[in-house]
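Participant: Supplied in structure tokens, the structure appears directly below.
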Amino acid sequence: MVPYLLTGLSVLVAGVIHWSAPHAFWRATLTSTATILLLSVAALFIFQASGFLVSEETGEEADIMGSLLVVTALVSFFGFLISIFVGWFLRTVRHPQTKHK
């Protein structure tokens with residue numbers, strides 16, 4: 001459930017930032033990547049504190065502090081990909097609308 005929530009949050013953040021800055025693609029991409037990284041890491045700590053990150057097989061809580069560097073790198077890469085794809089999609093969708101005006 002947690003990956004789906006973080007993916008939805010990432011797409012929403014990237015969509016809002018790219019929609020508000022349609023002509024600054026790379027600046028919007030880097031801004032949304034940084035925002036996704038900060039929100040995702042904060043959400044992981046919140047989910048861990050509230051008990052959402054419990055293994056179904058063992059019943060133990062996940063320890064993200066031991067692998068925080070790997071998690072940060074993977075979330076950064078994931079956020080960058082989401083930002084590029086959402087930005088490209090919104091640029092493609094918006095482009096025909098700006099031609100006709």
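The values are calculated or read from the model by the stated rules, or taken from the named source; none is laboratory data. All figures in this text were calculated on a predicted structure; none of them were measured in a lab. All Cβ positions, glycine included, derive from the backbone under ideal geometry; neighbour counts span all protein chains shown. The area values use the complete protein model at the heavy-atom level, side chains included, leaving out ligands, DNA and RNA. Shrake-Rupley method; radii C 1.70, N 1.55, O 1.52, S 1.80 Å.
Participant: How big is region 20-74 along each principal axis, measuring the range of its Cα positions in Å and listing the largest first?
Facilitator: 49, 20, 16
Participant: Using a probe radius of 1.4 Å on heavy atoms only, what accessible surface per residue do you get for the chain? Whole Å² is fine.
Facilitator: Computed with neighbouring chains in place, this is 69 Å² per residue.
Participant: Once neighbouring chains are kept in place and the probe is 1.4 Å, which whole percent of the accessible area of the chain is contributed by carbon and sulfur?
Facilitator: Of all accessible area on the chain, carbon and sulfur atoms account for 72 percent.
Participant: Follow-up question, since we're still on this one. Would you please put 80-90, 54-64 in order of how densely packed they are, using the mean number of other Cβ atoms within 10 angstrom per residue and starting with the highest?
Facilitator: Result, highest mean Cβ count within 10 Å first: 80-90, 54-64.
Participant: Treating each Cα of the chain as an identical point scatterer and ignoring solvent, apply the Debye formula and state log10 I(q)/I(0) at q = 0.20, 0.22 Å⁻¹.
Facilitator: Normalising to I(0) and taking log10 leaves -0.94, -1.06.
Participant: Across region 9-23, in residue order, what do the Karplus-derived ³J(HN,Hα) couplings come to in whole Hz, using 6.51 cos²θ - 1.76 cosθ + 1.60 with θ = phi - 60° and x for Gly and Pro?
Facilitator: Values per residue, Gly and Pro as x: 5, 5, 5, 5, 4, 5, x, 5, 5, 5, 5, 7, 10, x, 9 Hz.
Participant: Follow-up. If each DSSP helix of 4+ residues adds -39,500 (n - 2.57) and the sum is divided by the residues in the chain, what number results at 222 nm, nearest 500 deg cm²/dmol?
Facilitator: It comes out at -27500 deg cm²/dmol, rounded to the nearest 500.
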